[in-house]
Amino acid sequence: MVPHYGPMLDPLTLLFSLGVLGLLMAAVFLSLARTMPAQAPALRTWSKSMAVAGGTFVLLFLRGHAPPLLTFVLANVVVFAVPYWMYRAHALLLDGGPRQRPMLALWVLGAAAVLATHAAGLPRKVAFITISVVFCLMLGATAALLLRSLRTRRSPSALTALLAFGGLSLAFAARAGLGLLASGEQLTPQAQSMAQLFTLVPGVVLIVICSVCFLSLVHERHRAGELQRLATQLQAQEELVARRTAELRAANAALVQRARTIVDLYDRAPCGYVSLSPGGTVLQANQTLLRMLGRDHAELAGQDLGALLTPPSRATLPALLVLALAQGEATNRELDFKLAGGGTLPVLFSVVAVPQVEGEGASLRATLVDDGERRQRVQQMQALQQELARRAEQAEAATRAKSAFLAHMSHEIRTPLNAVIGLSQLLQRMPLQERGPEFVGHIRQAGEQLLALTNDVLDLSRIEAGEMALEQLAFEPLPLLESALALVRPQAESKGLLLELHVAPELAPRLVGDPLRLRQVLLNLLSNAVKFTEAGRVSLSVHVLARQEWQSLLRLDVADTGMGIGPQHQARIFEAFSQADSSITRRFGGTGLGLSIVRRLVDLMGGKLALQSHPGQGSVFSVELTLDHG
């Protein structure tokens, strides 16, 4: 701006006052920006315009005391920032898109006129008129921006600002007209008061009145923002209340439905439920219990539960309730209830203590299950157990009688058999005619077979009767093995079989056990091997599986190259009177007692008996025994 001073005004005082006022306004708006975050960009922009205005008037105050380049060129180039930043501040505040390019073009136009006037020595009227036109247009742009905002939203503050900026725009238009009409001498710093009036008064309006209007707009927008924020919060609260109300309604409906379901489950439960006071008074009962007892709710409510019990059960109830209150529960106690129509109902009674709720006393909840069917089954089971015990006793008595009979009969049969065998031996030594020796041999052979059968039956009966006792004697294992082989050697040689003995070198020279029963086991297995082997060999092998200082774990294997035994028959060959195939009995004879006796003797000795066999490939019977060293 090109100020003009007249004799009637004190321009220095006015310029300095406007400069200080502009800088103070800048500080005020900058501080307001910190308290209003939403309007802070617009307030900081307005603060820039005030700072520029204050700085410009300070530079003009220094006119005559500083170079013209500073007081004229710089002041009049920078002063265009005042309407530019005012326009930008209003655009930011009114949410209007600022048209920066036209405003910057106007700034460049004004600056060019100032620079041309200073550099080219043009008349001062050119700068005066150009600055006035540029200010008129820039302030008019701000007025137009305010006018657009009034079309969408009525605002007293915006209307006041519109009048202020519109008036300023007209004032600078008049100033431009003054520049056209006045002579060059009238536009110099020493010009009269009319030029000064058109320079200083707009400055006052820009700094004071426009700042007040802008501050009013800021306050209005801030209040509108606060109201909008409060409205938004209120709407959010209303939505939250509506949502919570809907949730509460849904939860309430779910609780009501759940309560109905619980009541339905409570009343339709397969067992009886009853709520009791600590003293046993009935508080509530479900429909199942009412049906079980044949009573209605009025008969039970408020009644002592003990009055519904039989005398023995009534005496038990108080102790159960005390126990439940002390320990939390008492379960599965048998009680008998009296029915309304007569008779009793046995139940399983379980009672638990209900946790106390604030404001309510202690209570109990009991479950009653019809126990009639269970008690009937228990009685039936007891009767069956008694019957089974009686039948078992009868079976044991029959077994003992059978064993005693077999033992007695075996002894009775052995006596005449020994006589028959002895007499047949005497007859064989006597001279007989024709076929007499042959018949006597048959008699002796038949007697020996009957004696072997009798011995087997006697051994089996003694084992079953528990009368077989094993001895613990020291013996030499090698002579025992050789003697067992010697007894079957004649039969093996008559069939052309090779008889072998394999003994592990680490076998102890003396062992402790029952040598008689061990020889009986080996003899039975060797006899069967020779009997069922037509060609090949029969072997007896002794392996030491484990040896300690005082005992050894032995495995005795009797192997043959006979017919073998199929898997389907191996499970039952150790049963008494059983053989792998009925045709074997017809072909080889025998009763099937040998292997049964072997199995039982091995069990008595604490050992294991195993079989490995395949049809046509022979068999291996294995006996594992743990024997102490002698």
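The values are calculated or read from the model by the stated rules, or taken from the named source; none is laboratory data. Worth saying up front: this structure is predicted, and the values here are computed from it rather than measured. A quick note on method: Cβ atoms are made from the backbone with ideal geometry, for glycine too, and the neighbour counts reach across all protein chains shown. Note: areas computed on protein heavy atoms with side chains; ligands, DNA, RNA excluded. Shrake-Rupley method; radii C 1.70, N 1.55, O 1.52, S 1.80 Å.
Structure notes:
- Mean projected area of the Cα convex hull of region 212-323, taken over all directions, amounts to 12.8 nm².
- Within the shell of other residues whose beta carbon sits under 11 angstrom from the beta carbon of LEU308, the net charge comes to 0, with Lys and Arg scored +1 and Asp and Glu -1.
- Listed by chain and number, the lysines whose alpha-carbon sits under 17 Å from that of LYS495, ignoring those within fewer than 8 places in the same chain, are LYS531.
- Whole-percent pair-distance distribution, where bins are 5 Å wide, for the alpha carbons of region 473-528: 4, 18, 27, 23, 16, 8, 3, 0
- Close amide H contacts of LEU627 (hydrogens built in the peptide plane, cut-off under 5 Å, sequence separation of 5 or more or a different chain): SER552, LEU554.
- Of the peptides 479-486, 21-28, the ranking by mean beta-carbon count within 10 Å, highest at the top, reads 21-28, 479-486.
- Long-range HN-HN contacts of ARG537 with modeled amide H, under 5 Å: LEU498, THR561
- Here the peptides 165-177, 103-115 are ranked by packing, the mean other Cβ count within 10 Å, and the order with the highest first is 165-177, 103-115.
- Radius 11 Å from Cβ of LEU227, net charge of other residues (Lys, Arg +1; Asp, Glu -1): +1
- Built from the Cα atoms of region 290-386, the convex hull projects on average onto 7.8 nm², one quarter of its surface area.
- Residue-span extension gain [THR331 to ALA298] - 0.36 nm each, minus C-alpha spacing: 9.2 nm
- 15 Å beta-carbon shell around VAL544, net charge (K/R +1, D/E -1): -2
- Carbon-plus-sulfur accessible fraction, region 242-386 (probe radius 1.4 Å, protein heavy atoms only): 54%.
- Packing around the peptides 252-258, 154-160, 55-61, taken as the average count of other Cβ atoms within 10 Å per residue, puts them in this order, highest first: 55-61, 154-160, 252-258.
- Modelled label positions at ALA259 and ALA242, each set 7 Å beyond Cα in the direction of Cβ, lie 2.8 nm from each other.
- Shape analysis of region 342-392 yields a ratio of the Cα radius of gyration to the Kirkwood radius, Rg/Rh, of 1.35.
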